[in-house]
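K.L.:
Sending over a structure as structure tokens; questions will come in a sec.
Read the figures in this text as sums done on the coordinates, not as results from a lab. Quick caveat: nothing in here was measured; it's all calculated off a predicted structure. Here the Cβ positions follow ideal geometry from the backbone for every residue, glycine too, while neighbour counts run over all protein chains shown.
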Amino acid sequence: MQILSRTHTPADCSETIVCHCLGISESTVADAVAVCGLATVKEVCRETGAGSGCTACHARLREMLRKANQTVPVC
Ligand code: FES
């Protein structure tokens, strides 16, 4: 919750919130994954705070990580 929390405030108006406990948006998580190269929910928790409450959002965070870290096959 270090670097990105300075540029993204919880519950920026039109953002889709992925972690309701902490008010962390999907774009904050997506940016953290892309910029910091996050690969696990634990890393997302550490960098953004998302997922460090009730854990109900962990499935959504895992899905975001899976999509972000998919490799594009080279033909
Ligand atoms: S909704 Fe993310 S920790 Fe509760």
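K.L.:
Express in nm, to one decimal, how much length is gained between His58 and Cys36 on full extension, taking 0.36 nm for each residue of separation and deducting their alpha carbon distance.
P.N.:
6.1 nm
K.L.:
Another question, then. Along Cα→Cβ, 7 Å out, is where each label goes; now give me the distance between the ones at Lys67 and Glu15 in nm to one decimal.
P.N.:
1.7 nm
K.L.:
Taking the Cβ of each residue in Ile24, Ile17 as the centre, tally the other Cβ atoms inside 10 Å and list the residues starting with the fewest.
P.N.:
Ile17, Ile24
K.L.:
Under 5 Å between amide H atoms, partner at least 5 residues away or on a different chain: which partners does Cys19 have, H built in plane at 1.01 Å?
P.N.:
Amide H neighbours of Cys19, under 5 Å, 5+ apart: Ile24.
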